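Read through the structure below, which is laid out as structure tokens, and then see the notes.
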Amino acid sequence: MLRPRLELLACSTGTRLTLSVPVVLDLPHLKATFWTYSMVALWWIKNRREWSIFNSNRVREINEVDSHENWRHVPGISNLADALSRGCTPQHLLDLKWLEAFIWLRKDTGDWTMTKIGCEVRGKF
């Protein structure tokens, strides 16, 4: 369970950044949409349950910054930033089409693919 917790930690770090970026850029009404490729971390964020202390603290912090409704899932195939963690050669990294990878983000938010989150709870996390 270490990797999903690290992903949840990354999510909470990202939400902390949204507190400082609008101030630094002088954009007080900047709207943020948060993305994660971790379905487990996203499930923890969107479902208000009793988690372990570590998870509960991260989820609480995330929800204090912004609504869990603004969190979305980016499929791994669309997440070029994840290429390094999957292992790739330097040449493969250069060949990736970074500017074309996230073209779907230019669409209206209603056209973004929404992933349904479903899970059976078997005990306390």
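The values are calculated or read from the model by the stated rules, or taken from the named source; none is laboratory data. Computed from a predicted model, the values in this text were never measured in an experiment. Note that each Cβ is placed from the backbone with ideal geometry, even for glycine, and that neighbours are counted across all protein chains shown. Heavy atoms of the whole protein, side chains included, go into the accessibility calculation; ligands, DNA and RNA do not. Shrake-Rupley method; radii C 1.70, N 1.55, O 1.52, S 1.80 Å.
Brief remarks on what is shown
- Matching residues in segment 16-34 - criterion: being touching a helix residue (DSSP H, G or I) at 6+ places or on another chain (Cβ under 9 Å), closer than 24 Å to Arg106 by Cβ and outside any loop (DSSP other than H, G, I, E, B): Thr18, Phe34
- Candidate set: segment 19-58, residues that are open to solvent by less than 50 Å² (accessible area, probe 1.4 Å), touching a Leu at 6+ places or on another chain (Cβ under 8 Å) and at pLDDT below 90; chosen: the one farthest from Ala83 (Cα to Cα): Pro22
- Screening Thr13 on (1) among the polar types (S, T, N, Q); (2) loosely packed, with under 13 Cβ neighbours inside 10 Å; (3) at pLDDT 90 or above; (4) under 10 Å from the mean Cα position of the chain (by Cα) shows it passes everything except condition (4).
- Residue in segment 59-102 that is modelled with the lowest pLDDT, counting only those that are among the β-branched types (Val, Ile, Thr) and surrounded by 12 or more Cβ atoms within 10 Å (Cβ to Cβ): Val74
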